[in-house]
Each structure stands twice: as structure tokens, then as C-alpha cells.
Amino acid sequence: MYINRKLALPLVLSLFFVFLLGIVSLSAQEMTMEEYQQQLQEYTDREVKAKAEIAQLELDIKALNEELAKVEEETNNTWQEIWAMLGTDEAGVNEYRASLEALESEINGLLSLSPDELFQRKKEIDDLEAKLNEYKKSKISALTEMQDKIDAIERKLARLRQTLKDATPYDLYTVIKGDYLWKISKKETIYGDPYQWIRIYTYNRDQIKNPDLIFPEQVFKIQQQFADNEYLVVKGDFLKKIAESQLGDPKKWTEIYEANKTVIGEDKMLYPYQVLLIPGK
């Protein structure tokens with residue numbers, strides 16, 4: 001950015017108009033030749049002084065422009081050195097910034113959802129968080145500007161996680177006289193499948209101690225969505241297999257068993273549609 005030398009123009013014009021006003025004033029007054037010459041000399045001296053001041057201003061402006069150019073060059077060189085240390089260039093930094101802004105825009109869209117709507121899209125939250133973690137591995141993230149952006153995104157992700165806690169991933173069903181789990185599960189408004197009765201049983205383990213004994217006015221949770229720490233058993237599953245897929249270590253099957261031993265028999269047999277709690281998730 002440079003200072004325009006024409007900034008001095010208003011000063012010159014002001015002096016010119018002052019000079020004209022002086023002449024008009026002289027014509028409107030009666031004065032001696034000596035007075036006239038004296039006043040004319042004053043105007044001439046002012047003009048000379050103004051020109052000298054303008055010349056000095058132009059020199060000052062030139063010096064400032066040179067100083068600004070030097071500072072800009074030094075700043076640019078400093079940024080070049082910083083980018084080289086980060087293994088990138090200006091284009092790379094701009095691209096990284098745009099990526100963070102796009103990520104934040106997606107998160108902003110999710111923030112407008114209700115807890116239940118958000119629960120159905122929690123996989124997106126996981127994916128966005130994973131993407132942010134990848135961006136954080138870049139050396140460019142060390143820049144103060146990027147740190148500020150990342151901090152802002154992480155705060156918004158935390159808000160999404162907090163909102164998820166208010167979600168209700170289940171419907172409610174009040175038991176009536178004559179109900180039993182098989183009958184409830186068969187209802188079209190529930191699962192439309194009587195064989196999923198065990199899903200109701202294991203999901204409501206805190207209320208159902210014996211699946212053959214349920215009572216009117218009991219209110220059961222009918223699972224519709226899965227939380228991160230829940231697993232629905234499918235045909236062919238066994239504890240070691242689940243431990244490997246969910247915890248990354250088949251040896252941790254005992255942890256799953258201990259967390260679910262009230263609904264898993266001593267024989268360790270699993271059945272389709274059982275809902276298991278996965279510890280540590």
C-alpha cells in the first residue's frame with residue numbers, strides 16, 4: 001500500500017484561493033502602493049513557504065512508501081520461510097483453510113437439527129470428527145489462524161455430542177392385560193416380527209427379570225436406533241467375534257460377557273436380536 005502524492009493538492013488549492021481572496025480584498029479597499037507591495041510580498045512569502053512544505057511532504061511520502069515496500073518485502077519473505085518450514089506454500093495454506101471452512105459449514109448444518117434427528121445422523125458426526133483429526137495432523141495446523149479455526153470446530157463438535165445425549169433412540173410401549181413379549185414384538189407398530197421379543201427383553205433388562213413375567217402398566221423402551229455402546233446380535237455371532245469387531249481384540253470377550261451376564265446364560269450362547277452392551281464404547 002502506497003501514499004498518493006496528490007494528497008498535497010488540497011493544500012496548494014487552499015493557498016491559491018487565499019491568494020485570490022487577497023487580490024479581491026485589495027481591489028475592495030483603498031491602500032497605498034507601499035501597503036499593496038507589502039501585502040503582495042507576504043502572499044509571495046507564503047506561497048514560497050507552502051511550496052517548500054509541499055516539497056518536504058513529497059519527500060516524506062516517498063520515504064514512507066519506500067519504508068512500506070521494505071516492510072512488505074520483509075513480511076512476504078518471512079511468510080515464505082514459515083510456509084517452507086511447514087512444507088507448503090500460500091496455495092497450500094489457502095486450500096487447507098478452505099477445507100476447514102467447508103468442514104465447519106457441514107457442522108453448522110447439523111447444529112440446526114433436533115436431538116432425535118441428530119441421533120439418526122450420528123455417523124456423520126463421527127466422520128466429521130475423523131476428518132478434523134486428519135487435518136490436525138498437517139503441519140499447517142500449527143499456524144495461529146488454523147489453531148483458532150480448529151478450536152472453534154471442536155467446540156461445535158462438542159455441542160453436537162452434548163445434543164446427542166438428549167436424543168431418545170427408542171419408542172415407549174405400555175403393557176396391557178394379556179400382553180407377552182412375543183405378542184408385543186409381533187405388533188406392526190413395534191417390530192412386526194415375534195422373534196424379536198428377545199430384543200425387547202434384553203433392551204429392558206432393568207425391568208424384566210424373567211421374560212415370561214411382564215405386568216400391565218410396565219413401560220418398555222422399544223429400541224429404534226442404536227447407541228455407540230449397543231450391539232444387536234445376528235445369526236452366527238459369538239462373543240469372541242463380537243469382541244474383535246467392536247473392541248478390536250477377541251480376548252476381550254470376557255468384558256462383554258461380564259457387562260451382559262444377566263441376559264447371557266452360563267453356556268455363553270447368543271441368540272439373534274439380543275441387545276448387548278459393549279463396555280468402553
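The values are calculated or read from the model by the stated rules, or taken from the named source; none is laboratory data. As the structure is a computational prediction, the values presented were derived from the model and not from experiment. Every residue, glycine among them, receives a Cβ derived from its backbone with ideal geometry; neighbour counts consider all protein chains shown.
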- May I ask you to list the residues in the stretch 203-214 that are touching a Phe, Trp or Tyr at 6+ places or on another chain (Cβ under 8 Å) and surrounded by 13 or more Cβ atoms within 10 Å (Cβ to Cβ)? TYR203, ASN204, GLN207, ILE208, PRO211, ILE214
- Quickly run through the stretch 233-254 and pick out the residues that are in contact (Cβ under 8 Å) with a residue 12 or more places away in the chain and surrounded by 17 or more Cβ atoms within 10 Å (Cβ to Cβ). VAL233, ASP237, LEU239, ILE242, ALA243, GLN246, LEU247, TRP253
- Any idea which of ILE82, ILE107 is modelled with pLDDT under 95, surrounded by 12 or more Cβ atoms within 10 Å (Cβ to Cβ) and of a type outside the set (S, T, N, Q)? ILE82
- Task: Tell me which residues, restricted to the stretch 126-146, are in contact with a Gly (Cβ under 7 Å, 6 or more places away or on another chain) and aromatic (Phe, Trp, Tyr).
- Result: none
- Of (1) farther than 21 Å from GLN147 by Cα; (2) under 41 Å from the mean Cα position of the chain (by Cα); (3) not in a helix (DSSP H, G or I), GLY87 fails just (1)
- Note on the stretch 215-228: residues at negative phi and either part of a loop (DSSP other than H, G, I, E, B) or surrounded by 14 or more Cβ atoms within 10 Å (Cβ to Cβ) (or both) are PHE215, PRO216, GLN218, PHE220, LYS221, ILE222, GLN223, GLN224, GLN225, PHE226, ALA227, ASP228
- Task: Would you mind listing the helices (runs of 4 or more DSSP H) fully within the stretch 113-177 where at least 2 residues are of a type in the set (A, V, I, L, M) and under 19 Å from the mean Cα position of the chain (by Cα)?
- Result: 122-136, 144-164
- Any residue at all in the stretch 185-194 that is in contact with a helix residue (DSSP H, G or I) (Cβ under 7 Å, 6 or more places away or on another chain), buried (at least 19 other Cβ atoms within 10 Å of the Cβ) and part of a helix (DSSP H, G or I)? yes
- For GLU58, are the conditions met, namely being loosely packed, with under 10 Cβ neighbours inside 10 Å, modelled with pLDDT of 80 or more and out of contact with any Gly (no Cβ under 9 Å at 6 or more places or on another chain)? no
- Which members of the stretch 247-281 meet the condition of being assigned to a helix (DSSP H, G or I) and out of contact with any strand residue (DSSP E or B) (no Cβ under 6 Å at 6 or more places or on another chain)? LEU247, PRO250, LYS251, LYS252, TRP253, THR254, GLU255, ILE256, TYR257, GLU258
- From the options ASN65, ASN94, residue that is in contact (Cβ under 8 Å) with a residue 60 or more places away in the chain and part of a helix (DSSP H, G or I): ASN65
